[in-house]
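The values are calculated or read from the model by the stated rules, or taken from the named source; none is laboratory data. None of the values given here were measured: they were computed from a predicted structure. Cβ atoms come from the backbone with ideal geometry, glycine included; neighbour counts cover every protein chain shown.
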Amino acid sequence: MCTVIIRVPVDSDEAVRVLAVRDEDPARTWQPLGPSWPERHPGVIGVRDGRAGGAWLAAAPSDGRLSVLLNRADVSTRPESELVSRGGIVLASVGGSSPQGHPPTHGFNLVEVEGSSARVVTWDGSSLRTTQLEPGTHMIAHEDVDDPATARIARWLPVFRDTPLPDGGTWWTPWLDVLARSSELPADDEQAIIRDNRPLGYPTLSLLLCAAEVSRGDAAVHYGELRTPGEWNSLELA
């Protein structure tokens, strides 16, 4: 039940801004943001999944690409033996290959940013579709883009939209301030962004976040981990 906030510029010469919060089982190991695939994916940086070897978020800075994956419920009837990890989709995406056909995975929302444009590729186990993101601020979780039926989106998307971001520097600070405000809610509240999903039957909690600025030929990504899963703390993104 990850969350992504993304601001797409009107001017194609400006950068796309992304703030991505990862929810995962704390017992599932990961490697922090870095060049974790030097032989198979040279020049790619990302947050590597320690179990399957793929990525939750990855970027190809010299190509101005960034991709991040959010899990989504699906209607697939395929047996587990025919399915593969979704993390490989992220690495293929930043290499320029978007999902096609009928991916052999569970459902997902894949946020793809290239230069000043962004889109979300959605797979529900039955059909694959793409939503091009219009200029403005959007929010994605486990259902559709800007879904008003998703409580955290209904509560916080208007706030993110009304929050101006500075040029350069630590541009993400105002959005982190919104996350801090949202964390005043209990972590199992449907409106919470920093989450503890265990009461809902999932072993996942918010663990880390990345802020990214993507433009033509460049992608700058910054990373930080929560000291305690599911609990907000002031972050210095590196």
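Beta carbons closer than 7 Å, at least 6 apart along the sequence or on distinct chains, pair a first residue in the stretch 77-94 that is surrounded by fewer than 21 Cβ atoms within 10 Å (Cβ to Cβ) with a second that is of a type in the set (S, T, N, Q) for Leu83/Thr105; Val84/Thr105.
Considering the conditions (1) surrounded by fewer than 19 Cβ atoms within 10 Å (Cβ to Cβ); (2) without any contact (Cβ under 8 Å) to a residue 40 or more places away in the chain, Thr150 is excluded by exactly one of them, (1). Taken over the stretch 179-188, the criterion of being surrounded by fewer than 18 Cβ atoms within 10 Å (Cβ to Cβ) and within 19 Å of the chain's Cα centre (by Cα) is satisfied by Ala180 alone.
Counting only residues that are in contact (Cβ under 8 Å) with a residue 60 or more places away in the chain and out of contact with any Gly (no Cβ under 8 Å at 6 or more places or on another chain), which one in the stretch 47-67 is farthest from Arg28 (Cα to Cα)? The selected residue is Leu66.
Total residues in the stretch 122-141 satisfying the condition of being buried (at least 20 other Cβ atoms within 10 Å of the Cβ), among the hydrophobic types (A, V, I, L, M, F, W, C) and over 25 Å from Leu179 (Cα atoms): the figure is 1. In the set Leu133, Leu83, Leu110, Leu157, only one residue is touching a Ser or Thr at 6+ places or on another chain (Cβ under 8 Å) and at pLDDT below 95; that residue is Leu83.
Could you tell me whether Ala211 is aliphatic (A, V, I, L, M) and under 17 Å from Ala15 (Cα atoms)? When the stated conditions are applied, Ala211 passes them. For the subset of the stretch 65-91 comprising residues that are over 14 Å from Leu128 (Cβ atoms) and small (Gly, Ala, Ser), which member is farthest from the chain's Cα centre (by Cα)? Per the stated criteria, the residue is Ser81.
The set of residues in the stretch 55-71 being closer than 23 Å to Ser206 by Cα and surrounded by fewer than 22 Cβ atoms within 10 Å (Cβ to Cβ) consists of Asn71 alone. The requirement of being in contact (Cβ under 8 Å) with a residue 40 or more places away in the chain, assigned to a strand (DSSP E or B) and on the phi < 0 side of the Ramachandran plot is satisfied by Val4. Residues that are more than 12 Å from the chain's Cα centre (by Cα) and more than 13 Å from Leu83 (Cα to Cα) within the stretch 99-118 comprise Pro99, Gln100, Gly101, Glu114, Gly115, Ser116, Ser117, Ala118, listed in sequence order.
Taking the criterion of being in contact with a helix residue (DSSP H, G or I) (Cβ under 9 Å, 6 or more places away or on another chain), of a type outside the set (Ser, Thr, Tyr) and at pLDDT below 95, would at least one residue in the stretch 188-207 satisfy it? No; the residues of the stretch 188-207 include none that is in contact with a helix residue (DSSP H, G or I) (Cβ under 9 Å, 6 or more places away or on another chain), of a type outside the set (Ser, Thr, Tyr) and at pLDDT below 95.
Exactly one residue out of Ala220, Ala192 is in a loop (DSSP other than H, G, I, E, B) and not β-branched (Val, Ile, Thr), and it is Ala192.
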